[in-house]
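Asker: I'd like to ask some things about the structure below.
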Amino acid sequence: MPPSLTISDVLDVEYPGPPAWSADGDFLAATAYEDDGNALFVTDPDGNRSWRFSPEECYVSDFEWSSTNSELLVATDAGELLLADPERRTTERLLSGPEPTESYTWSNDGTRFAFYRDGRPTVRDAETGTERGFDGPKRGPFLGESRMFAWSDDDTYLAYRFVEDETTHVGVIDVESASGQTDELVWRTHGEMANSCPAWLADGRVIFDRRGEGGTMRRIVAADPETGEETVLVEEIDRERGIVSSGAPAVSPDGTKIALSLPLDGWDHVHVVDVTSGERTQLTRGAFEDKGVADATPRWLDDETLVFASNRNDSGQRHLFAVTLDGDTTPLVETPGTNVHPRPAPDGETLAYVHADRARSPELRVSSVVDGEPRRLTRSSVEEWPTAPIDPDRIEFESAGRRIDGYLLDPRKSDSVADDAADLPAVVCVHGGPMRQMRDGWHPSRSYGLFYTYHQYLAAKGYACLFVNYRGGIGYGREFRQAIAGSRGEDEIEDVARAGEFLQSLDYVDADSVAVWGLSYGGYSTLQVLGTHPDTFSLGINLAGLADLELYREWAEETKYPAAVSTEVLRMGGEPWEVPERWDEASPVTHMADYEVPLYNFHGTGDRYVNFEQLDVVVETLTDLGKEFDADHYPGENHVFSKRATWRRTLRKVERVLEDER
């Protein structure tokens, strides 16, 4: 028998985060997940001076390069803030204590940095440690965005996001104001809309992302803090199916233009707006998506050129391209697989990015913008596996009037499974989001890369594994993403059921042993499909899925995001009192009386994305109904479990129940 994969092999795979360059371009950094949390990986572009830093008894939660040199702030999950010097490989503790701090942002001259202390905006002098707290509105309970603070070019003003009247706002502080005036905002947004992601333009205006009206309207607005005058630079409105664009606008180096991905012609493409004239230019076109991951935005290489990821070569892959303001597009990285998170070096000559493919889990790489020859800065541990990973097969099937695709791991390709093996068990894996997409090989994120890794383990043990890209996900155009508006819990669940039937149709699969599972929206899909299609699957496994949509909406609009941007009503086709039957039909709890197979559940009590009470609904309902189920809860665990021990226990149990329920 050939050597086999182990759960340790699965959990040893690392997932580097998006890279970031130091101001001088001498170093780049990224987080790297190990065991129970992130370490910090810092290296020079040649990979000759690498430093992996793990704080004692805690993990890295965030980092931020100085705007002027090669030092960086490193925040930990224990509430510490360190100043790290990768040249000397030293750290200095700047902050610690019981008050929560977050969202560190350097001033442009590198002498100060802003952050939230106990929710209040605070500015600290980097040399003296002197702090000044501002008594403006607080950060609030909602999840953060990609930009929470932004310094004006001369560092006299600080824009920040706060919460007031149950929605997010942007305000501007005069950081040079006299003592005693720390509670006054120079300017702020008002109204019921949600405002976020501030940035500054060269003309002294602040731009921000404004969304509202139940997820049907988006505007990119520029405001003059001195006069209060607002100008709409970009507007999207879709009252019927909702706005699906995402990603904060990127300001050009000279501050005169913004770039962002917009699906205005039905596909996500690169657009640039002249902030003076308001003229918008679409730079890329075609039946493909110029977006690497759901919240990605184009990056400026210089004032005339942008870099971005695109699936124009293959819908299940991503490659990197450059486009000029004239619309001339040039390939930069066309290595097969997924290449995302492009980050140009300060001199514009080198590109850092994350790469993954069929044979390698995510790696940090750099490439010359001129010749595109990649250099590996981290190396996938998959290369050290005792057996090679199985190449996925792209498959398609019909479902509710659409062609749905996915990726199949055929276990017979493994050295440990006979070529003529038959009556093999199978598993459908459902991604979360729903605005996500499984790829032709490893997914670049830990959330879904870990699932792909585990399915390699299952396939080597004889399981046929299918990743289904159901409607509502990215990669297939705006209409595909909007397809669940007004009918949540119906057609996308049909896609999941048809994926199960596809597996059942394979001559080497045991049609009576096809399981379904997933995380988040994948957990919701599992809970829903077991009740609406009770004859399809032999077993369900739910990780942090929704059971009661009204209960989730109430919680989410208080703690996760403002009601103004919530798409729950749009997905349901109306409020609960307007279409109560739709809310009932879309909630898995309604269908649990029809469950005919066992259900296993896992959820962390510290989940910030799906309220833990959803597991209570599952347990209470199935207990009352006398259904066969099992439920594990993990105190303090996150939406995507953080601890290696949690994943080891969960994955071993999943393997055991899959085997027991055959």
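All of the numbers you see were taken from the coordinates with simple rules; none came from a lab. A quick note: this is a predicted structure, and the numbers were derived from the prediction, not measured. We place every Cβ from the backbone using ideal geometry, glycine too, and count neighbours over all the protein chains shown.
Asker: Can you compute the modelled spin-label distance between residue 125 and residue 398, with each label point 7 Å from Cα toward Cβ, in nm?
Answerer: Inter-label distance under the simple model: 7.4 nm.
Asker: Just order 211-217, 21-27, 423-429 by mean Cβ neighbour count inside 10 Å, highest at the front, would you?
Answerer: On the way: 211-217: 20.1, 21-27: 18.6, 423-429: 24.4.
The most tightly packed comes first, giving 423-429, 211-217, 21-27.
Asker: Would you please give the residues with an amide H less than 5 Å from that of residue 338, counting only those at least 5 places away or on a separate chain, with H modeled from the backbone geometry?
Answerer: The list, which skips near neighbours in sequence, is 318, 356, 357.
Asker: Here is a follow-up. Which residue, 214, 292, 45, has the largest displacement toward the positive end of the dipole of the chain when charges sit on each Cβ (Lys, Arg +1; Asp, Glu -1)?
Answerer: Most positive-ward Cα: 45.
Asker: Follow-up question, since we're still on this one. Calculate the length of the line joining the C-alpha centroid of the range 595-640 to that of the range 365-433, in whole Å.
Answerer: Rounded to whole Å, the Cα centres lie 29 Å apart.
Asker: At 7 Å along Cα-to-Cβ for each site, give me the label-to-label distance between residue 613 and residue 85 in nm.
Answerer: 5.1
Asker: State the percent of C-alpha pairs, over all pairs in the chain, separated by a distance greater than 45 angstrom.
Answerer: Working: 37445 of 218791 pairs.
Value for the chain: 17 percent of Cα pairs lie more than 45 Å apart.
Asker: Using modelled backbone amide H atoms (1.01 Å from N, in-plane), which distant-in-sequence or interchain residues come within less than 5 Å of residue 164's amide H?
Answerer: 169
Asker: Residues of the range 1-38 with the amide nitrogen closer than 12 Å to a label point 7 Å from the Cα of residue 645, along Cα-to-Cβ, please.
Answerer: 36
Asker: Once label points are set 7 Å from the Cα along Cα→Cβ at both residue 26 and residue 413, what is their separation, rounded to one decimal in nm?
Answerer: The two pseudo-label positions are separated by 4.5 nm.
Asker: Below 8 Å, C-alpha to C-alpha, sequence gap of six or more: please give me the relative contact order for the range 386-660 in percent.
Answerer: Values: 556 pairs, mean separation 44.6, N = 275.
Normalised by residue count, the contact order of the range 386-660 is 16 percent.
Asker: For a Förster distance of 56 Å, can you work out the FRET efficiency between the beta-carbons of residue 276 and residue 638, rounded to the nearest 0.05? The partial results should precede the final answer.
Answerer: Numbers: r = 44 Å, r/R0 = 0.78.
With a Förster radius of 56 Å, E is 0.80.
Asker: Gain in length, residue 660 to residue 156, computed as 0.36 nm per residue apart minus the alpha-carbon separation, to one decimal in nm? All intermediate terms of the calculation are to be shown ahead of the outcome.
Answerer: On the way: separation 504, 0.36 × 504 = 181.44 nm, distance 6.48 nm.
Full extension from residue 660 to residue 156 adds 175.0 nm.
Asker: Show me 526-532, 415-421, 386-392, 265-271 ranked by packing, highest mean number of other Cβ atoms within 10 Å first. The partial results should precede the final answer.
Answerer: Values: 526-532: 26.4, 415-421: 12.6, 386-392: 18.6, 265-271: 21.1.
Ranked from most to least packed, the peptides come out as 526-532, 265-271, 386-392, 415-421.
Asker: In percent, how large is the relative contact order of the chain, given Cα pairs closer than 8 Å and 6 or more residues apart? Present the calculation step by step, with values, prior to reporting the outcome.
Answerer: On the way: 1684 pairs, mean separation 65.0, N = 662.
About 10 percent, as a whole number.
Asker: Relative to the longest principal axis of the C-alpha atoms of the chain, give the angle of the C-alpha long axis of helix 644-660, reported between 0 and 90° and rounded to the nearest 10°.
Answerer: 20
Asker: Could I ask something else about it? Please report 474, 220 as a ranked list, fewest other C-beta atoms within 10 angstrom at the top and most at the bottom. Walk me through the intermediate numbers first.
Answerer: On the way: 474 26, 220 23.
Least to most surrounded, the residues fall as 220, 474.
Asker: Summing +1 for each Lys or Arg and -1 for each Asp or Glu, what net charge is found among the other residues whose Cβ lies under 11 Å from the Cβ of residue 84? All intermediate terms of the calculation are to be shown ahead of the outcome.
Answerer: Working: positive: 88, 89, 93; negative: 64, 71, 85, 87, 92.
Net local charge, residue 84 excluded: -2.
Asker: Extension gain residue 376-residue 57, at 0.36 nm per residue separation less the Cα-Cα distance, in nm? Please list the in-between numbers first.
Answerer: Values: separation 319, 0.36 × 319 = 114.84 nm, distance 2.94 nm.
Full extension of this stretch gives 111.9 nm more.
Asker: Still on this structure, I have one more. Would you kindly state how much longer the chain becomes between residue 78 and residue 653 on full extension, computed as 0.36 nm times their sequence separation minus their alpha carbon distance, in nm to one decimal?
Answerer: Numbers: separation 575, 0.36 × 575 = 207.00 nm, distance 3.01 nm.
Between residue 78 and residue 653, full extension yields an extra 204.0 nm.
Asker: Ranked from highest to lowest mean number of other Cβ atoms within 10 Å per residue, what is the order of the peptides 449-455, 651-657? Could the numbers behind the result be given before it?
Answerer: On the way: 449-455: 23.1, 651-657: 15.4.
Descending mean neighbour count gives 449-455, 651-657.
Asker: Give me the dipole magnitude in Debye, nearest 20, for the range 386-660 about the Cα centre, with unit charges on the beta carbon: positive for Lys and Arg, negative for Asp and Glu.
Answerer: Working: 27 positive and 47 negative charges, 290 e Å.
Approximately 1400 debye in magnitude.
Asker: Under 1.5 on a/c is rounded, so check that first for the range 386-660, then, if it is not, pick prolate when a/b is larger than b/c and oblate when it is not; a ≥ b ≥ c are the square roots of the alpha carbon gyration tensor eigenvalues.
Answerer: Values: a/c = 1.57, a/b = 1.39, b/c = 1.12.
It comes out prolate by the Cα gyration axes.
Asker: Hey, which lysines would be in cross-link range of residue 643, C-alpha to C-alpha under 21 Å, not counting anything within fewer than 8 residues on its own chain?
Answerer: Here the lysines satisfying the reach criterion relative to residue 643 are 653.
Asker: Moving on to the next point. Alpha carbon centre of the range 50-87 versus the range 1-25: separation in Å?
Answerer: 20
Asker: Can you tell me how the range 163-268 classifies by the Cα gyration tensor, rounded, prolate or oblate, using a/c under 1.5 as the rounded cut? Don't skip to the end; give the middle numbers.
Answerer: Values: a/c = 2.79, a/b = 1.53, b/c = 1.82.
Oblate, since a/c reaches 1.5 and b/c is not below a/b.
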